[in-house]
Amino acid sequence: MNVVEVKRFDDENVWKYVFYFENAIAEAVLYRYESFSKRTVMCVSVQSGCPVGCIFCGTGKKFIRNLTNDEIKYQVMYLVNEAEKMEFISYSDLNTLCEKFQIMFMSMGEPLLNIDTVISSIHELHHKYTNAQLLISTIGINNQKNLQQLLTLSINIDKVGLQFSIHDAFDEDRDKIIPYRRKLNLREIRDYAIEWNKNTHRPVFLNYCVTDKNITCEKINRLMDLFSPKIFNFTFSVICEKEKGKKTETDMNLLYDIQTKFLDIGYNVRIFDPAGKDTIGGGCGQLHETQEYFKTYDK
């Protein structure tokens, strides 16, 4: 397996990787917060490309295949090895002494469309890295069998977390951003999340990529009406430009204003501003190198 490293040159705590597997490509990201033993975060791909088609995603309309169990695990093990080399910590230290170790299935691909493999990978990774929190990020595929599998997994392994990517407060507008048809609507996401929370006693995360159209007062109020702060945490994310060399224009003050409104109501809120967004396409599924690969693959 060949690996090409894409490094954010002005951020010494974020490393982005492109993995070339057999007839496929994948992305992964390694984050260090203060130190790897303080907090380590890894984001890994579950598919090569993604069939969901989110309009702001550089690879969202390109799909090659599901990644295998070995390919998903390889990304994690490679990043663990990178952390060990950079900070001279042992595997044992990262696994048992790291204050917060998170593995997130949210770099490229939709986990519920590769659910059996993702579940197998989580079981094996949980056995190997018992200290790691394991977060699944999904748009909410409308498949009752898969949703039940996810719930059962989350009950059986208390390290499993859940995030829904929603990106709008009204379903008709969300459909324009996420055109994939077989997805839960917002009320169905809410109802499933309430059941998930009831069974796991853990909060559910909501990812919301901010545009100039989805943060009106009307939409913010509806989000607050739909999703209770007792159950839901929000992440407001910056969208990366898909074109190489084109600077992302984001009014960060606006994002901080939104964050304040939700904090005042009692939500747990964070803002995600991807490192490398203006130079390498730093968001999930957004690396320019990956997008160039898909252009070549199409020929």
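Find out how many positive minus negative residues lie around Ala193, taking Lys and Arg as positive, Asp and Glu as negative, among other residues whose Cβ is under 12 Å from that of Ala193. Result for the local shell: +2.
The modelled label-to-label distance for the pair Gln144/Asp171, using points 7 Å beyond Cα in the direction of Cβ, is 1.7 nm.
Each Lys or Arg adds one and each Asp or Glu subtracts one; over the other residues with Cβ under 14 Å from the Cβ of Lys247, this totals -2. What shape does segment 110-198 have by the C-alpha gyration tensor, where a ≥ b ≥ c are the square roots of the eigenvalues, rounded means a/c under 1.5, and otherwise prolate means a/b greater than b/c and oblate the rest? Prolate is the answer for segment 110-198, as a/c is 1.5 or above and a/b outweighs b/c.
Computed 3J(HN,Hα) for segment 19-30, one whole-Hz value per residue from the Karplus formula 6.51 cos²θ - 1.76 cosθ + 1.60 where θ = phi - 60°, is 9, 9, 9, 5, 6, 7, 9, 8, 10, 8, 10, 10, glycine and proline marked x. When a/c is below 1.5 the answer is rounded, else prolate if a/b is larger than b/c, else oblate, so apply that to segment 142-299 with a ≥ b ≥ c taken from the square roots of the Cα gyration tensor eigenvalues. Verdict is oblate for segment 142-299. Net charge dipole, the chain: roughly 500 debye, given to the nearest 20, about the Cα centre with Cβ charges of +1 for Lys and Arg and -1 for Asp and Glu.
Electrostatic bookkeeping for Ile141 treats Lys and Arg as +1 and Asp and Glu as -1; over the other residues with beta carbon under 10 Å from its beta carbon, the sum is +1.
Dividing the helix sum by the residues of the chain, where each DSSP H run of 4 or more adds -39500 (n - 2.57), gives a mean residue ellipticity at 222 nm of -11500 deg cm²/dmol.
How much length would be gained if the chain were fully extended between Arg39 and Glu84, taking 0.36 nm per residue of separation minus their Cα-Cα distance, in nm to one decimal?
Working: separation 45, 0.36 × 45 = 16.20 nm, distance 1.33 nm.
My answer for the length gained is 14.9 nm.
By the beta carbon rule, with partners counted only under 4.7 Å, the chain holds these lone Cys residues: Cys43, Cys50, Cys98, Cys209, Cys217, Cys240, Cys284.
Where a number appears in this text, it was derived from the coordinates with a stated rule and is not lab data. The structure displayed is predicted, hence computed values, not measured ones. For neighbour counting, all protein chains shown are included, and Cβ atoms are generated from backbone atoms with ideal geometry for every residue, glycine included.
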